[in-house]
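This report refers to the structure that appears directly beneath it.
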């Protein structure tokens, strides 16, 4: 595989830019399930901006509406009806959301979340089960606990004087994909009810991906608060916290900027998902992947349109996949994703490549 142009770029840029990958990537464009570099190489993308591009790269319908929106201005300090339109679409998928607040910056959203927990419960900390997104929260506001900790009820009771809520992803997506046993999330929800604290679901990755209503619908949960992002903004940085009206009314927006095309991308993405309902198609592709990997030295994990590969942590295996024109993000045991643009042929080629890897 030729990387001559990317290598020249890296040598020119390395004095001011930091590079970590052994194979230099300078991506020129993306289209559908593919990304392309400046040397005319292309890869089937299974990372998709951390799963946020469920319609693939540069979907023509979303791109059309984004261009139209940008032509009218792309940054304001005032709100617009687009926020209301997106909120109504979110509430169609998440009926338990009575009110919602949007943010363009993840760190501000999470600060708002923990401030809300303090306002509503009188306790200033959140217990986070897992690790994903935690670096964005001020460390004096969160207690981190691995989601596989023995006797979670005892942990919650021990921290009860400090915590006003427990936050967890429906599926832990990073740094290693973890699918919880049946009933585990409802168990956490019931513990929160029992102890009188908030049950908060982090759906920034799983929202609108596991199903129309994300992990809430898939696992039949009823959280007090829900965090959304990724697909919510059609891949652009747009985040939200939604839930009970009495809780959300305590939240005030901290930022004073508004990017309408982020909302447009989210609106058109959700409209497409609701109209075409691609979840059965995506789930069938994942099932084919899971049942067809015959490399006994590997562990394939997957649910809905997400998967991970355990046993290929060595960078040489990643390089082998790159050479075969598949882009997966190391470490490969973190969550990877499908889009509506992925097809049977691409999945069959990935299966063949993985089965032939000598681990």
Could you list, in sequence order, the residues of the stretch 48-62 that are in contact with a strand residue (DSSP E or B) (Cβ under 6 Å, 6 or more places away or on another chain), touching a residue at least 40 places away in the same chain (Cβ under 8 Å) and either farther than 24 Å from residue 322 by Cβ or in a loop (DSSP other than H, G, I, E, B) (or both)? 56
Kindly evaluate residue 261 against the criterion of being outside any helix (DSSP H, G or I), in contact with a helix residue (DSSP H, G or I) (Cβ under 9 Å, 6 or more places away or on another chain) and over 17 Å from residue 93 (Cα atoms). no
Right, residue 216: more than 16 Å from the chain's Cα centre (by Cα), buried (at least 16 other Cβ atoms within 10 Å of the Cβ) and not in a loop (DSSP other than H, G, I, E, B) or not? no
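Here is a yes/no grid of residues against (1) at pLDDT below 85; (2) under 19 Å from residue 33 (Cα atoms); (3) assigned to a loop (DSSP other than H, G, I, E, B):
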residue	(1), (2), (3)
297	yes, no, yes
318	yes, yes, no
322	no, yes, no
331	yes, no, yes
341	no, yes, yes
348	no, yes, no
352	no, yes, no
355	no, no, no
359	yes, no, yes
Checking residue 274 against (1) at pLDDT 95 or above; (2) part of a strand (DSSP E or B), the condition it does not meet: (2)
Taking the condition crowded, with 18+ Cβ neighbours inside 10 Å, modelled with pLDDT of 80 or more, in a helix (DSSP H, G or I) and under 23 Å from the mean Cα position of the chain (by Cα), does residue 86 pass? yes
Neighbours by Cβ (under 9 Å, 6+ apart or cross-chain): first from the stretch 183-211, at positive phi and surrounded by fewer than 17 Cβ atoms within 10 Å (Cβ to Cβ); second modelled with pLDDT under 95 and not in a helix (DSSP H, G or I): 196/160
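The values are calculated or read from the model by the stated rules, or taken from the named source; none is laboratory data. Worth saying up front: this structure is predicted, and the values here are computed from it rather than measured. All Cβ positions, glycine included, derive from the backbone under ideal geometry; neighbour counts span all protein chains shown.
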